[in-house]
Amino acid sequence: MTTISGPNKTKARKKHRCDYCQYPINPTDIYLRSTHTYEGDIYTWKSHVLCDEIAQKLNMFDRCDEGLTCDDFIEEIKSEYSRLDPEGDKTPPKADFKDYLDFVLSHHLNIE
């Protein structure tokens, strides 16, 4: 993977999807946008600022050779959640990925 431009902070004019967590980036949200090439293909990567921050903080990019994918990001967040809550005491009933992500973000980035 080669980065052509970015990441640049951009204000969303329409709804997008975060390429890390797959949750929406809503109009007026500030998000990161970058352009890359991989095996001859050009693509644009869009992400929540916080998803990028937690990926940086947890050194996720150091554990992938060809760039951090959505699947890698989700796996890393779930792994970090398990490390922070090994007994599952803080796991809400019927937890989904958003619960894990919010917990990890609040722990590492002091976000409530």
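The values are calculated or read from the model by the stated rules, or taken from the named source; none is laboratory data. This structure is a prediction, so every number in the text was calculated from the model and none was measured. Every residue, glycine as well, gets a Cβ built from its backbone with ideal geometry; the counts of neighbours run over all protein chains shown. Areas reflect the complete protein model, heavy atoms only, side chains present, ligands, DNA and RNA absent. Shrake-Rupley method; radii C 1.70, N 1.55, O 1.52, S 1.80 Å.
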*Can you name the residue in region 26-41 that is loosely packed, with under 13 Cβ neighbours inside 10 Å and modelled with pLDDT of 95 or more and, of all such residues, is nearest to Asn110 (Cα to Cα)?*
Ile30
*asked:* Quick check on my filter: what residues within region 63-105 are within 30 Å of Gly40 (Cα to Cα), open to solvent by 40 Å² or more (accessible area, probe 1.4 Å), touching a helix residue (DSSP H, G or I) at 6+ places or on another chain (Cβ under 8 Å) and at pLDDT below 90?
replied: Arg63
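Tell me, which strands (runs of 3 or more DSSP E) wholly within region 1-79 include 1 or more residues that are among the aromatic types (Phe, Trp, Tyr), over 10 Å from the mean Cα position of the chain (by Cα) and at negative phi?
30-38, 41-48
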*Among the residues of region 66-106, which ones are acidic (Asp, Glu), without any contact (Cβ under 8 Å) to a residue 60 or more places away in the chain and within 16 Å of Tyr20 (Cα to Cα)?*
Asp71, Asp72, Glu75, Glu76, Glu80, Asp96, Asp99, Asp102
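Determine if region 1-9 includes at least one residue that is closer than 24 Å to Phe97 by Cα, open to solvent by 30 Å² or more (accessible area, probe 1.4 Å), without any contact (Cβ under 8 Å) to a residue 40 or more places away in the chain and out of contact with any Ser or Thr (no Cβ under 6 Å at 6 or more places or on another chain).
Looking for residues that are closer than 24 Å to Phe97 by Cα, open to solvent by 30 Å² or more (accessible area, probe 1.4 Å), without any contact (Cβ under 8 Å) to a residue 40 or more places away in the chain and out of contact with any Ser or Thr (no Cβ under 6 Å at 6 or more places or on another chain), one finds none in region 1-9, hence no.
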